[in-house]
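Everything below concerns the one structure shown next.
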Amino acid sequence: MKKGSKRILHSEETKATARKLRSEGFTHREIKKKLGIALSTIFDWTGHTVLTSEQRKAVLQRNYSKTFPERRIEQLSKQARKNLSRYWKIPYNKDELISKIRIFYNKNGRIPMKREFDMYREYKKRFCSWNMAIEAAGLIPHKVIFSTRVMAKDGHICDSFAETLIDDWLHYNKVSTLEIFRTVSID
């Protein structure tokens, strides 16, 4: 042995006890506490032993019960009910959601976009999609979210509503769109 080395030799009986405890489902740290041996030594002796799924579940349950005993779980749940009860929401039903769409339609004269309501998830949960919620409210949904081709007053087919407005303004002010399209693109 080298000078200053503190190597401890353990008996075969101690090794057998460690192996037996490990095969019964104890963790390396639990064996360390029972036998008073270094963790690395226990791992060397019992590293080949594999715990069954039932033993792993029992280990997790033991660790969980140390962290959250029944008494602590009851205390935490009471605190949560007391402190978080003001944030609990009353779940919406289909009639309330439909009435919100109808109120918006009557007030603004148009179908609401899903971004205008911060409750898109509720509508999707109850009706499977935004368009189905609009149909349930008795309205015709906008099936296409992207641009629609529109014909301007001068006969030009525009790719968007904005282009139609510009094209109609140019036509109203008697500006030829062909001159503009040679130099500048509107879209």
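The values are calculated or read from the model by the stated rules, or taken from the named source; none is laboratory data. Fair warning: this is a prediction, and the values are worked out from it, not measured in the lab. As a convention, Cβ positions derive from the backbone with ideal geometry for all residues, glycine included, and neighbour counts pool all protein chains shown.
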Discussion item. Is it the case, given these coordinates, that SER11 is loosely packed, with under 14 Cβ neighbours inside 10 Å and among the polar types (S, T, N, Q)?
Written reply: yes
Item to complete: Read through the list (1) over 26 Å from ARG19 (Cβ atoms); (2) in the same structural domain as LYS20 (by TED's automatic domain parsing); (3) aliphatic (A, V, I, L, M), then give the number of the only condition that MET132 fails.
Response: (2)
Item to complete: Identify all residues within the stretch 122-150 that are of a type in the set (S, T, N, Q) and modelled with pLDDT of 85 or more; write none if there are none.
Response: SER129, ASN131
Fill in: helices (runs of 4 or more DSSP H) (entirely within the stretch 70-133) containing at least 2 residues that are aromatic (Phe, Trp, Tyr)
94-108, 120-127
Worksheet item: Any idea which of THR164, THR148 is in a loop (DSSP other than H, G, I, E, B) and among the polar types (S, T, N, Q)?
Response: THR148
Worksheet, complete the sentence: Over the stretch 44-68, the set of residues among the β-branched types (Val, Ile, Thr), in a loop (DSSP other than H, G, I, E, B) and exposed (fewer than 12 other Cβ atoms within 10 Å of the Cβ) is VAL50, THR52
Item to complete: Output the residues belonging to the stretch 77-92 that are loosely packed, with under 10 Cβ neighbours inside 10 Å and either at pLDDT 80 or above or among the polar types (S, T, N, Q) (or both).
Response: LYS82, ASN83, SER85
